[in-house]
1. Kindly provide the set of residues from the range 23-42 that are under 18 Å from Glu57 (Cα atoms), open to solvent by 40 Å² or more (accessible area, probe 1.4 Å) and free of Cβ contacts under 8 Å to residues at least 12 places away in the same chain, ordered by number.
2. Which numbered condition in (1) open to solvent by 100 Å² or more (accessible area, probe 1.4 Å); (2) more than 14 Å from Ile7 (Cα to Cα) is the only one that Glu57 fails?
3. Any chance the range 48-63 includes a residue that's modelled with pLDDT under 90, of a type outside the set (S, T, N, Q) and touching a Leu at 6+ places or on another chain (Cβ under 9 Å)?
4. Have a look at Lys47, Lys5 and point out the one that is open to solvent by 100 Å² or more (accessible area, probe 1.4 Å) and either out of contact with any Ser or Thr (no Cβ under 8 Å at 6 or more places or on another chain) or in contact (Cβ under 8 Å) with a residue 12 or more places away in the chain (or both).
Amino acid sequence: MKQKKFIAWARVSGREQKEEGFSLEVQEEGFWEWGRRENAIVAPIFKVAETATKSEERKEFRKLIQFAK
């Protein structure tokens, strides 16, 4: 069976998320684990940290949209 391909968006909006176990790294690992279970490729993973400005976040989101097109 052919593997499906997915793109992903990981984002944290505050340091509390990291402390609660939702860091970018944890989200990324979750995407990979889901891909293994579903026989899917998850790549690329677009990521935005809480330190990103709105313009940086929009720029990364635009990259995701452009890639999807």
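The values are calculated or read from the model by the stated rules, or taken from the named source; none is laboratory data. Keep in mind the model is a prediction, meaning the values are calculated, not measured. Please note: Cβ atoms are built from the backbone with ideal geometry, for glycine as well, and neighbour counts cover all protein chains shown. The area values use the complete protein model at the heavy-atom level, side chains included, leaving out ligands, DNA and RNA. Shrake-Rupley method; radii C 1.70, N 1.55, O 1.52, S 1.80 Å.
1. Correct list: Glu25 only.
2. Going through (1) open to solvent by 100 Å² or more (accessible area, probe 1.4 Å); (2) more than 14 Å from Ile7 (Cα to Cα) one by one, Glu57 breaks only (1).
3. yes
4. Criteria check complete, one pass: Lys5.
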